[in-house]
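A quick write-up on the structure given underneath.
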Amino acid sequence: MTVAIVLAAGTPAAGQPTAAGDALADRLAEQWHRVGVTHVRRAANLTELATLVDAATGPVIVSGTDLVAHTAVLRHLATSPVGPTVALVLTDPPAPGQAVVREERGQVVDAGPDGRLDGGQTGVFGGALRVGRDDLPALAAAARAAVAGTPIAGTDPAAVAGTPPAAGPEAAGSAVDRLFTGLTALGTLTFAHRVRLLVAHRVADPAGLAAAEAAVAAVDEDRAELRLSVKEKDDFFTTFFVSTWSPYVTKASAKLGLTPTGVTAISVLFAAVAAVLFGVGGRPALVTGAVLLYLGFVLDCVDGQLARYTRHFSAWGGWLDTMADRAKEYLVYAGLGYGATAAGFRYGWALAVAAMTLQTVRHMTDTWYGVLHDEAARRPKAVGGGGGGIGDRLNAASTRVQADTGSLSYWLKRTVVFPIGERWALIALTVALFGPLVSLVAVLTWGVLAFAYTGALRTLRARWMWVPVLDTVDATLHRDDGPIAARFPVLRPMGPLTLAVLGALGPAALLVAAGLRVRAGDEAGGLAWAVPVALLVLLVAALGAGAAHNGPLDWLVPAALRAGEYLFAIAAGVVGGAPAWVVFGYVFVLTLHHYDLTARLEKRQAAPPLHFATLGWEGRSAVLAVAAFAGFAGIAMATLGAYLLVVFVGSVVLAWVVLPARARRGVGVPAGGEVRQPG
């Protein structure tokens, strides 16, 4: 249950009459009701607010009474999926007593009265914020500290109260600004909600109120919301070949009553049919498949746009969007691999497995680099003190390019990394014009170049930032360690990343040797003796399981472990004579398991309920090693893959159906939490 508190203290505009004749405070209360908040309370001062917060059992929305905004602005703040605690941030010049903010990667990293940030502010606090349930104690503490005019331990008194501590309880300025400044000083992770296309202003006098109301009336709210459903910054292909017309599909979907999940399901169907057509072959089938693939990608954008337009966000929807994107892409790779093989190319499935492995490892680095940047934003003092080193120069160059929206360098930077829109466009064009083989080769070539480019730059910037991230989460979970790794001793001097990379070299060498034998016309089964050796080398990575993952590059450990396990599975399959499609299917199931882990990381979810049953990367590899050595790799791989798929489906049902149902019945099992905005 969400509670909205309208805080009148320190805002003379509260009693000003609006154009409709009601008081501004009354109109704000009515707007919160229209947003869907059933419990709207009034607080005359911060003491009353703290009492209301103490009694709250769910998120709390706090707003001053000097805010004039579209109701949609308030709805977007109340339903924002970026995080549990979100603050409205405006670009208006700050008025006396208003707090200014500094943001990094969408997070408010500092706030205070105008002048305290020494010109480093990026906006002004908009007088409204939503505070997540876990942050309510900090909100109450900030309110009481602002009332008493006392500093919070470890903070600057002026940062908490908004004025020097001598000003005491009657410190000048809006109470909501002093409250927000105090909450930020406590280190509460707060995301910034910017207003785009719609209107929001804080007013101090009748003239300002009249001007703000005129600005609100001049904007078509629904039309602006439809345009806002499109991401502000997207990739080149999506921006110019999808987003130019996808809002019309979004509007139609909303009128038809479709849900984002329903649109996602249709998108998966389009991609699956395209994959079948790629496997069938023949120019009409390939061209039709390319068109369906493009339309499937359009719908992949529409599901996120529909969620933003209708404000229908959920942890389930965000998770499903992430998982569906990868499943669709890899189904298409399977269709291309089958089609290339059917057309007479011996290694069609091998190329499909390589493309899937490459993209998965890349996505693992993308996820953890994003976590790294978010953590760096929370610890700004750890960043930017470089003094002109290569990290400083790379960071400054990246910032300049990103700020130069629409320039050639901006689009090159966004395109060279080979995002999903460009991948799907490349697949559609190449398969329609040339066929599945050329399409797979093109995807692999561009993917390798993009991985080399992003990997090199990110490594340099990460060494400069020196911000550990794996030590802020359950490293065992995201390493995907099993019971065997937990019993290994710790080899600390080498570090977990070095050990993970060394472990991957054994499977890589075995795969190269097996590939060379197959190419020469020999039986790869003659290398069965080398499979246990490669396993022993792979298990070197387990020596870092219990070590601290706090090195500047340890965010690469999950990707290195994924690479090692996938390479070993492929090598064991080749040596054991497993059918190529079985190898693809097994690795595909592994990717679902690992994307589930990263999706849960991004959506702030707990571990999958049946994670303990997945055996860990080392346990699964040991099973395959025994099977390959004994000569029944294909059967073992199919059986193990089917088992892992059942465990995955069971975890999905438990996590998204059974446990939330129990929580709703009051059993006390926590359900899904806050989520990021879907694609």
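The values are calculated or read from the model by the stated rules, or taken from the named source; none is laboratory data. On a predicted model such as this, the values are computed, not experimentally measured, just so you know. Glycine also receives a Cβ, built like all others from the backbone with ideal geometry; neighbour counts cover every protein chain displayed. Quick note on the areas: whole protein, heavy atoms, side chains included, nothing else; ligands and nucleic acids left out. Shrake-Rupley method; radii C 1.70, N 1.55, O 1.52, S 1.80 Å.
Please tell me the relative contact order of the chain in percent, rounded to the nearest whole number, where contacts are Cα pairs under 8 Å and at least six residues apart.
That works out to 12 percent.
At what distance in nm do the modelled label points of PHE241 and ASP54 sit from each other, each positioned 7 Å from its Cα along Cα→Cβ?
Roughly 6.1 nm, to one decimal.
If we count every other residue with Cβ under 12 angstrom of THR47's Cβ, Lys/Arg +1 and Asp/Glu -1, where does the sum land? Numbers along the way, then the final one.
Working: positive: ARG144; negative: GLU48, ASP54.
Counting the neighbours of THR47, the net charge comes to -1.
So, with a 1.4 angstrom probe, what is the percent of accessible area on segment 525-679 that is carbon and sulfur?
On the way: 4080 of 5640 Å².
Exposed carbon and sulfur together represent 72 percent of the surface.
Using only alpha-carbon positions, what ratio does the radius of gyration of segment 235-279 give when scaled by 2.2 N^0.38 Å?
On the way: Rg = 12.8 Å, N = 45, 2.2 N^0.38 = 9.3 Å.
Compared with the compact-globule rule of thumb, segment 235-279 sits at 1.37.
Spin-label point model (7 Å from Cα, Cβ direction): what's the VAL646 to THR415 distance in nm?
That separation, rounded to one decimal, is 4.9 nm.
Relative to the present Cα-Cα distance, how much length would full extension add between ALA606 and ALA148 at 0.36 nm per residue of separation?
Working: separation 458, 0.36 × 458 = 164.88 nm, distance 3.84 nm.
Length gained, ALA606 through ALA148: 161.0 nm.
When all C-alpha to C-alpha distances in segment 20-142 are sorted into bins of 10 Å, what percent of pairs does each bin hold, rounded to whole numbers?
The calculated distribution, bin by bin, is 12, 42, 38, 8, 0.
Report the antiparallel proportion of the DSSP beta bridges in the chain as a percent, rounded to a multiple of 5.
Details: 22 of 35 bridges.
Percentage antiparallel, nearest 5: 65.
Per-residue counts of other Cβ atoms within 10 Å, averaged by peptide: what ranking do you get for 481-490, 432-441, highest first? Could the numbers behind the result be given before it?
Values: 481-490: 15.8, 432-441: 20.3.
Ranking the peptides 481-490, 432-441 by packing returns 432-441, 481-490.
Which of LYS231/LYS255; LYS251/LYS413; LYS413/LYS603 have a Cα-Cα distance over 23 Å? Intermediate results must be reported in sequence, preceding the final value.
Details: LYS231/LYS255 21 Å; LYS251/LYS413 31 Å; LYS413/LYS603 27 Å.
Where the Cα-Cα span goes over 23 Å, the pairs concerned are LYS251/LYS413; LYS413/LYS603.
From the phi of every residue in segment 560-576, what ³J(HN,Hα) in whole Hz does the Karplus formula 6.51 cos²θ - 1.76 cosθ + 1.60 yield, where θ is phi - 60° and glycine or proline is x?
Result, rounded to whole Hz: 5, 5, 4, 4, x, 5, 5, 4, 5, 4, 5, 5, 5, x, 5, 5, x.
Please give the charge dipole size of the chain, origin at the Cα centre, charges +1 on K and R Cβ atoms and -1 on D and E Cβ atoms. Round to the nearest 20 debye. Don't jump to the answer; show the numbers that get you there.
Values: 53 positive and 49 negative charges, 220 e Å.
The dipole magnitude comes to about 1060 debye.
Quick check: the distance between the Cα centres of segment 180-247 and segment 580-652, to the nearest angstrom?
43 Å
Given the Cα-Cα distance of ALA456 and PHE632 and 0.36 nm per residue of separation, how much length would full extension add, in nm? Before the final figure, lay out the partial values.
Working: separation 176, 0.36 × 176 = 63.36 nm, distance 4.01 nm.
Result for the pair: 59.4 nm of gain on full extension.
Arranged from highest to lowest average of other beta-carbon atoms within 10 Å per residue, in what order do the peptides 394-401, 626-633, 573-580 appear? If you can, show how the numbers build up before the last one.
Numbers: 394-401: 13.6, 626-633: 19.9, 573-580: 22.8.
Result, highest mean Cβ count within 10 Å first: 573-580, 626-633, 394-401.
Rounded to the nearest 0.05, what FRET efficiency do ARG664 and ASP222 have when you use their Cβ-Cβ distance and R0 = 45 Å? Please list the in-between numbers first.
Working: r = 33 Å, r/R0 = 0.73.
Rounded to the nearest 0.05, the efficiency is 0.85.
With a cut-off of 8 Å between alpha carbons and a minimum separation of six or more residues, what is the relative contact order of segment 276-354 in percent? Let's see the in-between values first.
Details: 47 pairs, mean separation 28.6, N = 79.
Relative contact order of segment 276-354: 36 percent.
Whole number in Å², please: accessible area per residue of segment 274-414, 1.4 Å probe, ligands, DNA and RNA not counted.
Numbers: 5340 Å² over 141 residues.
I get 38 Å² per residue for segment 274-414.
If one computes the Cα centroid of segment 101-121 and of segment 455-526, what distance in Å separates the two points?
40 Å
Per residue, what accessible area does segment 533-594 have, given a 1.4 Å probe and all protein chains present, in Å²? Don't skip to the answer; put the middle values down first.
Working: 1480 Å² over 62 residues.
Ligands and nucleic acids excluded, the result is 24 Å² per residue.
By average Cβ neighbour count within 10 Å, what is the ranking of 406-415, 603-612 from highest down? Let's see the in-between values first.
On the way: 406-415: 13.6, 603-612: 17.4.
Most protected by this proxy first, the peptides run 603-612, 406-415.
How much area per residue is accessible in segment 232-272 when the probe is 1.4 Å and only protein heavy atoms are counted (Å²)?
53 Å²
Would you mind counting up the charge near LEU228? Only other residues with Cβ under 15 Å from its Cβ, with Lys and Arg at +1 and Asp and Glu at -1.
Details: positive: ARG75, ARG194, ARG196, ARG223, ARG227, LYS231, LYS233, LYS251, ARG308, ARG311; negative: ASP220, GLU221, ASP222, GLU225, GLU232, ASP234.
Surrounding charge for LEU228 is +4.
Averaging the inverse of every distinct alpha carbon separation and then flipping it gives the Kirkwood radius. What is it for segment 337-480, in angstrom units? Don't skip to the end; give the middle numbers.
Values: mean 1/r = 0.0572 Å⁻¹.
17.5 Å is the Kirkwood radius here.
Tally up the carbon and sulfur contribution to the accessible surface of segment 373-493 as a whole percent, 1.4 Å probe, everything protein left in place.
67 percent
Modelling each spin label as a point 7 Å along the Cα-to-Cβ direction, I'd like the ALA613/LEU269 distance in nm, to one decimal.
The answer from the label model is 3.0 nm.
How large is the direction-averaged shadow of the alpha-carbon convex hull of segment 306-354, in nm²?
Numbers: hull surface 17.0 nm².
The Cα convex hull of segment 306-354, projected and averaged over all directions, gives 4.2 nm².
At q = 0.05, 0.12 Å⁻¹, work out log10 I(q)/I(0) for the chain with the Debye formula, treating every Cα as an identical point scatterer and leaving solvent out; two decimals please.
At q = 0.05, 0.12 Å⁻¹ the computed log10 ratios are -0.27, -1.36.
For the chain, build the charge dipole from Cβ charges (+1 Lys, Arg; -1 Asp, Glu) around the Cα centre, then report which of VAL89, ALA607, ALA354 sits farthest towards its positive end.
Value: ALA354.
With Cβ to Cβ distances under 10 Å as the rule, what net charge do the other residues near HIS201 carry (K, R +1; D, E -1)? Walk me through the numbers on the way to the answer.
Values: positive: ARG202; negative: ASP66, ASP92, GLU213.
Here the charged neighbours net out to -2.
Nearest 10 degrees is fine. How inclined is helix 24-35 to the longest principal axis of the chain, computing both from alpha carbons?
Helix 24-35 and the main axis of the chain meet at about 30 degrees.
Tell me the chymotrypsin sites (Phe, Trp or Tyr not before Pro) within segment 520-610 that lie in a loop according to DSSP and have at most 11 other beta-carbon atoms within 10 Å.
Working: sites: TRP529, TRP555, TYR566, PHE568, TRP581, PHE584, TYR586, PHE588, TYR595; in loops: TRP529.
Those that pass, being in a loop and sparsely packed, are TRP529.
Rg to Rh ratio, segment 411-565, alpha-carbon atoms and Kirkwood radius?
On the way: Rg = 19.0 Å, Rh = 18.1 Å.
Across segment 411-565, the Cα-based Rg/Rh ratio is 1.05.
Just want the answer: with Cβ charges of +1 for Lys and Arg and -1 for Asp and Glu, which residue in LEU592, TRP245, PRO284 is farthest toward the dipole's positive end in the chain?
In the chain, that residue is PRO284.
GLY126's amide H: which non-local residues (gap 5+, or another chain) put their own amide H closer than 5 Å, with H modeled 1.01 Å from N in plane and none for Pro or chain starts?
LEU88, VAL89, LEU90
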